[in-house]
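To keep things clear, I will list the structure first and then write my remarks on it.
The values are calculated or read from the model by the stated rules, or taken from the named source; none is laboratory data. Please read these numbers as outputs of a predicted model, since none were measured by experiment. A quick note on method: Cβ atoms are made from the backbone with ideal geometry, for glycine too, and the neighbour counts reach across all protein chains shown. Surface accessibility is based on the protein's heavy atoms, side chains included, excluding ligands, DNA and RNA. Shrake-Rupley method; radii C 1.70, N 1.55, O 1.52, S 1.80 Å.
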Amino acid sequence: SFPLVVAAKQHQARVLRSQSSPFLPPFLLSWTARSVFPLVVAFFITLSLTFFGSVEQRLPRDTHNMATRVAFENSNEIGVFAALTNGYCLTGINRSENFYSVFEAELSQHIPVLHATIAGCRFVGRTTVGNRRGLLVPNTTTDNELSHLRNSLPDSVVVQRVEERLSALGNIIATNDHVALVHPDIDRETEDVISDVLGVEVFRQIVGGQALVGSYCKFSNQGGMVHPRTTVEDIEELSSLLQVPLVAGTVNRGSDVLGGGLIVNDWSSFVGLDTTSTEISVIENIFRLSGAGGASGGGQLAGQQGQQSNIVTNMRSALIDQLS
């Protein structure tokens, strides 16, 4: 048995020599493996945590989106051809699907996006007005169009035809889910319909000397923007009335027709293609689309002060750019 034991040990020694490094003896090789292996494992664990951590940081943590530039054919007045609320989005029928596809990509996971016409025309943004509770359409809306809207929108949205001589409802009414500003000359019956269908308080108002409040101001439940010539006193009065922060601003490289160049809800907004980066920055701050804004109490006050500071800084930068 002794020769067998010797032969087995010699075979084991040959196997170890064949597996060993030509530069390290076997005992050093085994020591190196025991020392390096934990380091290699730790390196790959660290690399994995770093990679997956960076992926997690890139994932959106909420539904807030930044403002998106878009154009309807060759027009930057996207508010003429689209309407956006917290409950749905309407778009006019385009020659191609490019306009519709932008809204579908951004919104379809949260709210329905649908094609619509009013009296056979594509300017659904200026002829309709609504919020998450309802949608008002003019008396020129056909029965087929009304039926299409009622069948396509959620059951919680009430679609109502309005007998109003000022039929461009999007120009004469500005609303969020709580308050509506309307043209001073609107009919009393229309005011009652607005209050009942949309579930809001209605105030007759002018903005920046303009009676077309739907064209010259835009506000959501988070904030709002008004005509650039609106005085500080009027902005403070409107802000108190609406219970949201307001700022004077423009879209589409200086246009004061905010309702034509901007549509917005509580988590997303769309602006005309000519809107500058400075204007977009102001929009994102005042409508709290970039994660700005605090909680209740002192946090909310600090958030509003931070927003106002950012807005002032951005507007100052815009003035410097224009004067230089």
Filter pass, Arg288 being in contact with a strand residue (DSSP E or B) (Cβ under 9 Å, 6 or more places away or on another chain), open to solvent by 10 Å² or more (accessible area, probe 1.4 Å) and outside any helix (DSSP H, G or I): no
Subset of the range 167-197 (residues that are among the hydroxyl-bearing types (Ser, Thr, Tyr) and either out of contact with any Asp or Glu (no Cβ under 9 Å at 6 or more places or on another chain) or crowded, with 20+ Cβ neighbours inside 10 Å (or both)): Ser167, Thr175, Thr190
Count of residues meeting criterion [within 23 Å of the chain's Cα centre (by Cα) and farther than 19 Å from Ile263 by Cβ] in the range 226-244: 2
Those helices (runs of 4 or more DSSP H) lying entirely in the range 85-195 with at least 2 residues within 16 Å of Gly214 (Cα to Cα) and either basic (Lys, Arg) or in contact (Cβ under 8 Å) with a residue 40 or more places away in the chain (or both): 124-127, 169-172
Flag for Phe99 being open to solvent by 40 Å² or more (accessible area, probe 1.4 Å) and among the hydrophobic types (A, V, I, L, M, F, W, C): no
The one condition in (1) surrounded by fewer than 18 Cβ atoms within 10 Å (Cβ to Cβ); (2) within 25 Å of the chain's Cα centre (by Cα); (3) of a type in the set (D, E, K, R) that Glu279 fails to fulfil: (1)
Options Val159, Val200, Val129; residue that is under 21 Å from the mean Cα position of the chain (by Cα) and either open to solvent by 10 Å² or more (accessible area, probe 1.4 Å) or under 15 Å from Gly87 (Cβ atoms) (or both): Val129
